[in-house]
Structures are given as C-alpha cells and as structure tokens.
1. Does the stretch 38-70 hold any residues that are part of a helix (DSSP H, G or I), free of Cβ contacts under 8 Å to residues at least 40 places away in the same chain and aliphatic (A, V, I, L, M), and which are they?
2. For the stretch 263-287, name all the residues that are out of contact with any Leu (no Cβ under 8 Å at 6 or more places or on another chain) and under 30 Å from I164 (Cβ atoms).
3. In the stretch 186-193, is there at least one residue being exposed (fewer than 15 other Cβ atoms within 10 Å of the Cβ), in the same structural domain as I214 (by TED's automatic domain parsing), of a type in the set (D, E, K, R) and within 24 Å of W221 (Cα to Cα)?
4. Could you go through the stretch 348-355 and let me know if any residue there is over 20 Å from the mean Cα position of the chain (by Cα), surrounded by 12 or more Cβ atoms within 10 Å (Cβ to Cβ), assigned to a strand (DSSP E or B) and small (G, A, S).
5. Scan the stretch 371-390 and give yes if some residue there is of a type in the set (A, V, I, L, M), outside any strand (DSSP E or B), buried (at least 19 other Cβ atoms within 10 Å of the Cβ) and free of Cβ contacts under 8 Å to residues at least 24 places away in the same chain, otherwise no.
6. List the residue pairs whose Cβ atoms are under 8 Å apart, where the first residue sits in the stretch 9-22 and is touching a residue at least 40 places away in the same chain (Cβ under 8 Å) and more than 17 Å from R331 (Cα to Cα), the second is of a type in the set (K, R) and not in a loop (DSSP other than H, G, I, E, B), and the two are 6 or more positions apart or on different chains.
7. Quick check on the stretch 27-37: of everything there that is out of contact with any helix residue (DSSP H, G or I) (no Cβ under 7 Å at 6 or more places or on another chain) and assigned to a loop (DSSP other than H, G, I, E, B), which residue is nearest to V93 (Cα to Cα)?
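The values are calculated or read from the model by the stated rules, or taken from the named source; none is laboratory data. Small disclaimer: the values here were computed from a predicted structure and weren't measured. When we count neighbours, we look across all protein chains shown, and the Cβ atoms used for this are built from the backbone with ideal geometry, even at glycine.
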Amino acid sequence: MNDMLYGHGDGFLTQDGRRLFPIGFYEHPADDNALRDMAEAGVNLIRCGNTDSLDRAHAHAMMGWVPLGLRSGATPEFQEHVRSLTTHPALAVWEGPDEVVWSFTAYSGLWKQDQLAVFPNKGEWWMQTPLAIAYSEEQAAEIMPNMREAIEFIRSIDSQNRQIWINEARDSDLKFVRQYIDCVDITGCDDYPIRAEGRPAIRLADSTDRWRQIGKGRPVWMVLQGFSWNDLDDGDTDITAFPTFAESRLMAYACITHGARGIMYWGSSYLKSDGKEAFRKSLYALTSELAALQHFLTAPVEQYVTVQAIDDGRTDISIPASLRGVSITARRTGRDWLIVLVNEDEHAHMGVEVTGLDALNGTEFIELYGDEKTAVSDGSFVTRMRPFEVKLLATHRKWETAQREGRDFAE
C-alpha cells in the first residue's frame, strides 16, 4: 500500500512549538465577542470552512479544522478547495465526512423517504436483513475508494502533514470503518447521553474504549454533548435536559482516563432553551479547567501508577459485574504531578488506594477545586470517592483555573 495512506501523528496540536491537547467546538460564532469568549475559555480548535473563518480563528489565537467531502473523491473542485487552504497558518486538521459509515448503515435517512423506502423500518440495519446489507455494501463500494483517493491527494500536497480526522457515531459499524481506518490519523465518535428519560453519562468511558479498539492504536477524539435534545429541530421531546456541570466534567475526564487525546463539543450553535447561557458558562468553566491542565494532558501516562478500590462491608458487591470501579490517569510535568480519579459507579467507594508512587514518599497532593490533602506514604495514598465523582489531585494548586462561574450549574 502507498505509504501516504498510513496514519501518522499523536492526536495533539502544535502551536508556536507548543504541544496542545485539543479542546474544540463545532460552533464558529459570527459575533467576535462570542468568539473571543470561547478563546478566553481555553478553546483552541474550532470548525472552519474557508479562509475567512480560518482568519477569524487565527485572530483569536485559535486553530481551525476544515471539513472535507471526501465521498466524491479528488474532483477538480475538491483539489482547488484543498489547495486554497493548505498554506493557511491557522489550519491544524483536516476532517473527513461526519459519521460517514453511520450515514449509509443505521441512519441512511432513506427510511424517512416514502418515495425511496430503501429502509422501510428504522431498525432494518440492526436486523441485518438482506436489503440492508446489500444497500450498505453498494454504498461502501462507491464511497470508500473515493475517500482513499481524496486522502491520497491531501497527503500529496500538504507539506505540513496535517492530521486527518474522521468522527463517527457511537455505534458505527466496525467492518466498514476498518475499510478506511488505515487512511486516517485520528478516529473517535460522538456520544450524547443526557436525555429527559435517562442520563447515563459514564457510558462515555465505554465509547472511548470501543473507538480505541476500532482505531488500532490511533488517537481518539471524543465529541461530547453541548446541547439539550429539545433544542434540535428533530428533537423528540419538549423537556430541557442539559448536562449539569458535574455530568459534563464526568464525561470529559472519563474519556481522558480511558485514553482520549481530544475533547470536542457539538450542538452549542443550536442552544435556544431557557438556561442556555448558564449552560454555556458551565461548558466554558470546564474548558477553562482543561486548558489549565494542558502541560499534563499532553504528557505521557505514568502507567505504573495504579488504583484499586478496597471497599468495606457496606458496599453491595452481590453483582460484581455491575461494578466498574475507579479509573485513573497519572501524569507529570517537571516536578509537578496530576492524578485524575473517576468513580465510574453509582455508589461510593470508601477505600480508594493509589499505588506506584514510591519515588514520591512524603509528597503532598491537594485536591484541585476541593479541600482534601493527602501525603504519599509507602508509595501510596488513600482517598474516598462519592458516586460518579471526579477528583483531580495535584502537587500544586497553581493548576486551577480562575474561571469559576458556571461550576455550580445544575438543572
């Protein structure tokens, strides 16, 4: 296979020689004040469609990704569009067609169209009927070669070797995604679990794990919920259900402890429900928090630092398979350390032990945005965690953001 078709890059961004963890929004506000607010909240990557939008991102010290319609191949129009953008200093990433596999399998949209009625039943893909299989194979046979051709063209003229990213739906089909995965550098999915009828925020951990497996080692960017489902034109409910700050924080750090290399937000441009401004502030409070941790988020994971829950008799372990436990990521920059803990269970863990810290005996860790202090002894320390709690334990409080407005957002 042509070497140009193999992925490269680690999923991080580079700006002025500095490595950055991508914190992105699909929204590109038309108002300069709104764009400035986004940049000041630590957002470093936004969706851009042309040189004008890249210019605006650049003016606010942000970078842009450009969506490309790879499905039609390297047409003359495609080539002209790519050439017009490839030298722009704000361009950081190329994006392929959103949810491309989802679009011709589970959600082709044809089931909505009576005159076509290819999928008369929305569940036909999941039933794997001959009709659904034949349609998807026909579409893939046309789309996949075109995508590969378009990506090869990008590789051939982009002297900066920018990474190519394709976002998929949470449940996009493995077989078809694997037909293009060797062409791209970054994979991942969108997952929006907060609805009026249920709020399983912790499932973002499983979504991240799935796409790390699908990507065969490629970096994963996760697209998180920046809206309430009733804000969408096709929303099926009148009930507003924004993620609370605590839920947004849980989703972001669950992705990070499970290996995500970037966090994006979709849907904020559709906000119109009551409380939208308060919700936006809560997202910016979180992006500011993540931005303050940039040095850690781009640092290698200290794999030898591990966590285990040593529960007391009060913890119900009658169904062990229902227990997820506590996830961890430990990072260091210089002499400073950060340990992120996420309780993935709906019950408390009263004994959470972090081990592997033998070189840090006597070192004190403090809880960012909290009051807890603990010192390392005999290579470990112990803490307690409430249901679905996130704890950031660091060696210095300087890693906190000053942006606190929005942290108390709850419906």
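1. Correct list: A39, L54, A57, A59.
2. Passing the criteria: S269, L271, L283, Y284, L286, T287.
3. no
4. Checked the stretch 348-355: at least one residue is over 20 Å from the mean Cα position of the chain (by Cα), surrounded by 12 or more Cβ atoms within 10 Å (Cβ to Cβ), assigned to a strand (DSSP E or B) and small (G, A, S).
5. Yes, some residue in the stretch 371-390 is of a type in the set (A, V, I, L, M), outside any strand (DSSP E or B), buried (at least 19 other Cβ atoms within 10 Å of the Cβ) and free of Cβ contacts under 8 Å to residues at least 24 places away in the same chain.
6. Listed by first residue and then by second, the contacts come to L13/R19.
7. If we take residues in the stretch 27-37 being out of contact with any helix residue (DSSP H, G or I) (no Cβ under 7 Å at 6 or more places or on another chain) and assigned to a loop (DSSP other than H, G, I, E, B), then A30 is nearest to V93 (Cα to Cα).
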